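*Asks:* Below you'll find the structure I mean.
Please treat every number below as a calculation from the coordinates, not as lab data. What you are looking at is a predicted structure, and each value in this text was computed from that prediction instead of being measured. Cβ atoms come from the backbone with ideal geometry, glycine included; neighbour counts cover every protein chain shown.
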Amino acid sequence: MALLATAAALVVSGLLRSLLGNASPYFPLYVAVIFSAWCCGLSPSLLATLSGALGFFFLPRGSLALPSRADTFALLSFLIVSACIVVLGEANRRGQFARLHQANVLDAANDAIVELDPSNDTIRYWNHGAEELLRLDEGGSRGQEHKLLAQDGVR
């Protein structure tokens with residue numbers, strides 16, 4: 001999927017190059033790297049970065065001359081910015097996985113676990129144990145004050 005996004009970005013880059021010249025050749029490739037980092041993971045996003053850089057660098061330029069300083073600087077800038085995108089995308093993916101894992105662990109607990117929002121003392125989260133023991137429900141309990149937990153009959 002990452003290579004397909006990169007190939008599409010290279011085609012768009014080629015079309016833009018023919019229309020606009022060499023003004024901003026890497027912008028479509030940034031989109032491919034962002035897509036790969038967000039949806040595909042670390043290895044595919046690195047592959048998208050490297051294949052995009054190589055593909056764009058070796059696309060026909062109209063002459064066989066070596067790349068100019070501006071082209072070399074644009075390539076290095078693309079690689080540095082893409083590396084930052086890949087790192088941030090991977091950190092986001094790992095954070096989402098950790099939150100999902102934590103939620104699964106909390107839901108599997110038999111004890112009642114209730115998270116309160118400290119800014120306004122309302123219920124923010126509870127697990128299945130809290131639903132059973134404290135009779136909390138999705139519709140009416142979220143956002144309610146925590147004093148609901150101390151009512152008579154709820155023990």
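*Asks:* Quick one: Karplus J couplings for segment 95-111, per residue in order, coefficients 6.51, -1.76, 1.60, θ = phi - 60°, nearest Hz, x for Gly and Pro?
*Replies:* x, 5, 5, 5, 5, 5, 4, 4, 5, 5, 5, 5, 5, 7, 5, 7, 6
*Asks:* Residues with amide H under 5 Å of W126's amide H, sequence separation 5 or more or different chain, H placed in the peptide plane at 1.01 Å from N; which?
*Replies:* For W126, the qualifying residues are E115.
*Asks:* Another question about this same structure. By count of other Cβ within 10 Å, fewest leading, how are C84, C40 ordered?
*Replies:* If I rank by nearby Cβ atoms, fewest first, I get C84, C40.
*Asks:* Something else: With the crude spin-label approximation of a point 7 Å out along Cα→Cβ, what separation in nm comes out for D107 versus C39?
*Replies:* Result: 2.5 nm between the two label points.
*Asks:* Could you derive backbone 3J(HN,Hα) for segment 85-91 from the dihedral phi with the Karplus parameters 6.51, -1.76 and 1.60 (θ = phi - 60°), listing whole Hz in sequence and x where the residue is Gly or Pro?
*Replies:* Using θ = phi - 60°, the values come out as 4, 5, 5, 5, x, 5, 4 Hz.
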